[in-house]
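The values are calculated or read from the model by the stated rules, or taken from the named source; none is laboratory data. Small disclaimer: the values here were computed from a predicted structure and weren't measured. Reconstructed Cβ throughout: ideal geometry from the backbone, glycine too, with neighbour counts over all protein chains shown.
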Amino acid sequence: MNEYKIDSKVILTDYVCYAAIDLIERMLDLDPDTRITAEQALSHDYLKQYSDPSDEPTSQPYDQSFEEKEYDVPQWKSVSAFISIKHKLIK
């Protein structure tokens with residue numbers, strides 16, 4: 001049986017604008033240090049027409065130091081249970 005590989009970028013660019021593809025690629029970047037921020041995404045060419053910087057709240061960058069901890073599985077379970085309980089109490 002013949003298997004054909006299809007380049008999705010070739011197909012998509014016939015139907016979707018390049019700015020949309022660029023925005024999606026930047027949003028799906030797995031590296032949080034290079035991924036586009038919400039503020040940058042709102043000012044991106046694809047969304048610029050909907051953006052109103054004077055009416056958009058900003059926030060501090062996400063602190064991912066928690067995710068970089070070197071815990072074993074039981075410790076992660078304990079920490080995530082604590083966060084879950086804490087989150088329910090705040091609501």
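Candidates in region 17-54 are the residues that are surrounded by 13 or more Cβ atoms within 10 Å (Cβ to Cβ) and assigned to a loop (DSSP other than H, G, I, E, B); of these, the one that is modelled with the lowest pLDDT is Ser51.
Looking only at residues of region 62-91 that are in a loop (DSSP other than H, G, I, E, B) and modelled with pLDDT under 75, we find that the one that is surrounded by the most Cβ atoms within 10 Å (Cβ to Cβ) is Tyr62.
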